[in-house]
Amino acid sequence: MTNVKFKKVLEPGKIGNLELKNRFVMAPMVTNYCDYDGCVTERFKAYHEARAKGGVGMIIIEATYVTPSGRGFPNEVGISKESHIKGLRELTDTVHKYGTKIATQLYHGGRQTHAAVTGQTPVAPSSIACPVCQEVPEELTVEEIKEIVEAFGQGARRAKEAGFDAIELHGAHGYLLNQFLSPYSNKRTDEYGGSFENRMRMPLEILKATRESVGADFPIIYRLTSEEFVEGGLTIEDTKMFSRILVENGIDAINVSGGVYETAAMIIQPAAVPQGLFVENAAAIRKAIDAKVPVMVVGRIKEPEMAETILENGQADFIVMGRGLLADPEFVNKIASNDLDGIRRCIACNQGCIDRLFMNLDIGCLVNATTGNEMDYDMDKKTTKKKVVVVGSGPAGLEAARVAALRGHDVTVYEKDDKIGGQLNIATVPPHKDEVMDLIKFLTESLHRLNVKIVTNKEADVETIKDESADAVIVATGSTPVTPNMSGVDRKEVVNAHDVLSGKAKTGKNVVVVGGGSVGCETAEYLVTQGKTVTVVEMLEDVMMDSGAAVKALMLLRLAQANVNIMRKSKVIQIKDNCVLVKTENGNECVINMDTVVIAVGVKPCMTLSDKLKGARIPHVTIGDCVKPRKIYEAIQEGFAAGYNI
């Protein structure tokens, strides 16, 4: 790897006596790809193999429970018994084939889990429920604490036997070690609570037990929540002090992160959170420990230039990347070959990863349909070249065209508008959504490289398809906004959210947005930034119910700060001159003055072309919103499958 522009990130680095070929480390991210007993599966191995092949210096695999009481997710990987070693050894052997090092992250979920997952009541330093998980845990006895310390030591032994190159102790994100350290979650009055010295006792005992199990020369990393962002929680001053003590006790590296479940947006940051948010904390910790051991930093470091600058400035020694490697396993290789335009960047939507994980599903990636599906798709598999026509250039259509062209087919895309992208173009308009443009750029660049023919300002019909003599037709005509059945909806001051975001429709000073889903709330925020006064009226009990928890929490906070009036369990009955009549939650009626009403109550499939093709008996495949309106995640998944299966 000799790219001069990115010399620092591509140079070797050491953690203890372990040398990594570059300064990129894959962050641990729970996948739910293992079996119910926590054993490694072929899918789990294939997922990690793709990232190792992509050039990353070291992979830290997901939170690995050392005892069943600490398991946080149904199909999480385990290291709690001897039978786990065989599969883990197969995993490390697979990763090592590519010159990539691999570590495991030993952890216990503590109160941040559920009895349905562990089979028992969660345990914690104190009998205080996590505000998110909401199950009151049992307070650990001193004897039980000693048993968990021993379990970490045994997990470390198994990890070394399984061929791991290093161990990371998960002391972050509100899990058990973090719970003991923090006064936010630790209210004990014995030797494990109260003073800072007492609260750090269990993590240090675990570090000692781990060291005794693996020996003096085996690298041990500590993942640290640098700030919890909760009242009464850990601050950077606390964690600087603790970092110095970790170094005194023989830690080999410190991995800087932040947040607990209550502040989950700081753990897996949505696009509304600035990139590189923990860099300053990492720099502060590095200074506090006099750079005696390497400091690793995570948190929306998606741009190669930012990663290089962090290392050049001495703010950290290693760059830890999670979702960026879900989006593009070849991220590091592309930097090395200076193919920056070819990188498929994470857009921090959280739809495929953390949102699915917290529904206890297996993770995926919105921009990369092969994440977790590495065994299902063989892009080197030979196919007979065919003429393919794709109608519609939204995310589903563009992805179908890209994959079909990658497979060697001759592809033409028809788009009725003057530019490609479909609803992705309006998705970039609201505040904090500009990174969606990264997906448009990637798809556009890919189609250009693959010589896909793109015809804009042309609404393809049956005759168009016949003239093309296509071997395969993919219909991705998307959806159109729904107009609700309400009195006055046809008035001139009524517009739809799509037209507002695309610039086709203007609004007055006072705006009522009908519909409080993600589109309605994003439109409301967009209008507020233009100086408008906005009221959102939603029939359901809450807004943003189609969004993940972190995205929703930040959106509601911003709307509250912007004084957006949100009326839940309310319904617009009639739109009249300069006002709307609303039936409120308590059954009363009220009048809201307005200049413009924006409709954001959803979309419906646009199936006109598909219906006509059926009538003409022309075989075709439908994908994306024209099948059923959903999210970009499903559009990309279906687009990939359609392009691959030709």
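Observations on the structure shown:
- Amide H partners (placed H, <5 Å) of LYS604, local residues excluded: THR480, VAL482
- Cα gyration tensor shape of segment 1-122, rounded if a/c is under 1.5, else prolate or oblate by comparing a/b with b/c: prolate
- Cα gyration tensor category, rounded, prolate or oblate, for segment 491-610 with a/c compared to 1.5: rounded
- Seen from LEU613, the other residues with C-beta closer than 15 Å to its C-beta sum to a net charge of -3, counting Lys and Arg as +1 and Asp and Glu as -1.
- Isolated Cys in the chain, by beta carbon distance under 4.7 Å: CYS34, CYS39, CYS346, CYS349, CYS353, CYS365, CYS521, CYS579, CYS590, CYS606, CYS626
- Helix-derived mean residue ellipticity, 222 nm - over the chain, DSSP H n ≥ 4, -39500 (n - 2.57), to 500: -9500 deg cm²/dmol
- Rounded to the nearest whole Hz, the Karplus-based 3J(HN,Hα) values (6.51 cos²θ - 1.76 cosθ + 1.60, θ = phi - 60°) of segment 265-274 follow the sequence 5, 8, 7, 10, 6, x, 4, 6, 8, x, with x at glycine and proline.
- Relative to the longest principal axis of the Cα atoms of the chain, the long axis of helix 42-53 lies at roughly 90 degrees.
- Between helix 85-96 and the chain there is an angle of about 70 degrees, using the helix long axis and the longest principal axis of the Cα atoms.
- If R0 is 41 Å, the Cβ-Cβ spacing of HIS448 and GLU150 corresponds to a FRET efficiency of close to 0.10.
- Scoring 236-248, 508-520, 393-405 by mean Cβ neighbours within 10 Å over their residues and listing the highest first yields 393-405, 508-520, 236-248.
- With both labels modelled 7 Å from their Cα along Cα-to-Cβ, the ASN338 to ILE245 distance reads 5.0 nm.
- Antiparallel bridges, percent of DSSP beta bridges restricted to segment 454-584 (to nearest 5): 35
- Ordered from largest to smallest accessible area (heavy atoms of protein chains, 1.4 Å probe), the residues ASP376, ASP438 come out as ASP376, ASP438.
- Using a Förster distance of 35 Å, the FRET efficiency for LYS187-ASN360 (Cβ separation, nearest 0.05): 0.75
- Beta bridges assigned by DSSP with both partners in the chain are antiparallel in approximately 20 percent of cases.
- Legend: calculated FRET efficiency, LYS466 to ASN586, from the Cβ-Cβ distance at R0 = 60 Å, rounded to 0.05, equals 0.50.
- In sequence order, segment 593-599 has phi-based couplings of 6, 7, 9, 9, 10, 10, 8 Hz under the Karplus curve 6.51 cos²θ - 1.76 cosθ + 1.60, θ = phi - 60°, and Gly or Pro positions carry x.
- Residues of segment 402-424 with amide N under 20 Å of the 7 Å Cα→Cβ point at THR384: 404-412
- Å² per residue, accessible surface of segment 77-232 at 1.4 Å: 35
- Residue-span extension gain [GLU161 to ASP418] - 0.36 nm each, minus C-alpha spacing: 86.6 nm
- For LEU20, the amide hydrogen comes within under 5 Å of the amide hydrogens of GLY13, LYS14, ILE15, counting only partners 5 or more places away or on other chains and with H modelled in the peptide plane.
- Prolate/oblate/rounded label for the chain (Cα gyration tensor, a/c 1.5): oblate
- Other-chain or far-sequence residues with amide H under 5 Å of GLU138's (modelled H): VAL123, ALA124
- Across the protein chains, with a 1.4 Å probe defining accessible surface, the residues MET306, MET539 rank MET539, MET306 from largest area downward.
- Accessible surface, per residue, of segment 445-528 when the full set of protein chains is kept, probe 1.4 Å, Å²: 48
- Summing charges over all other residues whose Cβ lies under 14 Å from the Cβ of PRO270, with Lys and Arg as +1 and Asp and Glu as -1, gives +1.
- Whole-percent carbon and sulfur share, accessible surface of segment 368-473, 1.4 Å: 44
- Heavy-atom accessible surface of segment 563-632: percent carbon and sulfur, 1.4 Å: 46
- Excluding same-chain neighbours fewer than eight residues apart, the lysines reachable from LYS81 by a Cα-Cα span under 28 Å are LYS45, LYS97, LYS101, LYS146, LYS160, LYS208.
- Subtracting the Cα-Cα distance of LEU406 and SER83 from 0.36 nm times their residue separation leaves 112.2 nm of extension gain.
- Protein accessible area in segment 25-112, 1.4 Å probe - carbon and sulfur %: 50
The values are calculated or read from the model by the stated rules, or taken from the named source; none is laboratory data. As the structure is a computational prediction, the values presented were derived from the model and not from experiment. When we count neighbours, we look across all protein chains shown, and the Cβ atoms used for this are built from the backbone with ideal geometry, even at glycine. Just the protein is used for accessible areas: all its heavy atoms, side chains included, with ligands, DNA and RNA removed. Shrake-Rupley method; radii C 1.70, N 1.55, O 1.52, S 1.80 Å.
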